[in-house]
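Down below is the structure, laid out as structure tokens.
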Amino acid sequence: MPRHDRDEIARRSGHASWRAAVEATADLPQQEAGRLLGVSHPTIRLWRAELGLAPGAARPSAVDRAAAFRADLQDPRHGSANGYRNLRCRCERCTAAWTTYQRDRRG
């Protein structure tokens, strides 16, 4: 994207320059920063790389998120086939939901 287009996008979003806009949204996920600035998230990734900004804070791994889910029995996703299959929860509610799902699927 030409430089003048970047600056115009930044002005529309209330920033003095595209550099200021990217730096102001550096702590946000790419999708959210893109929404705020009115550009696609791959554009945000390119702009951040061009400015040498490190990627946003790393998200917990899928294994960590699944472990946190299994530890919190109050999570509303317990008792779902998703809890059993994707999050590998073997509590009674998730096991029952998976059994019901498989039974319904087989017909």
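In the condition set (1) without any contact (Cβ under 8 Å) to a residue 24 or more places away in the chain; (2) crowded, with 17+ Cβ neighbours inside 10 Å; (3) over 18 Å from the mean Cα position of the chain (by Cα), Thr95 is compliant with all but (2). If the condition is being under 22 Å from the mean Cα position of the chain (by Cα), in a helix (DSSP H, G or I), of a type in the set (D, E, K, R) and modelled with pLDDT of 90 or more, then segment 62-92 contributes Arg70, Arg85. For Ala33, are the conditions met, namely being under 19 Å from the mean Cα position of the chain (by Cα), modelled with pLDDT under 90, in a loop (DSSP other than H, G, I, E, B) and not assigned by TED's automatic domain parsing to the domain that holds Glu92? Criteria not met by Ala33. Six or more apart or on different chains, Cβ under 7 Å: which pairs go from a residue in segment 65-77 that's in the same structural domain as Arg90 (by TED's automatic domain parsing) to one that's aromatic (Phe, Trp, Tyr) and surrounded by 14 or more Cβ atoms within 10 Å (Cβ to Cβ)? Could you list them? Between residues of segment 65-77 that are in the same structural domain as Arg90 (by TED's automatic domain parsing) and residues that are aromatic (Phe, Trp, Tyr) and surrounded by 14 or more Cβ atoms within 10 Å (Cβ to Cβ), the close pairs are Asp75/Phe69; Arg77/Phe69. On inspection, Arg48 does not qualify as under 22 Å from the mean Cα position of the chain (by Cα), farther than 30 Å from Arg11 by Cβ and either surrounded by 13 or more Cβ atoms within 10 Å (Cβ to Cβ) or not assigned by TED's automatic domain parsing to the domain that holds His15 (or both). Quickly run through segment 12-64 and pick out the residues that are touching a Ser or Thr at 6+ places or on another chain (Cβ under 7 Å) and in contact (Cβ under 8 Å) with a residue 12 or more places away in the chain. Within segment 12-64, Ala21, Leu36, Leu37, Gly38 qualify.
The values are calculated or read from the model by the stated rules, or taken from the named source; none is laboratory data. Being a predicted model, the structure only gives us computed values, none of them experimental. We place every Cβ from the backbone using ideal geometry, glycine too, and count neighbours over all the protein chains shown.
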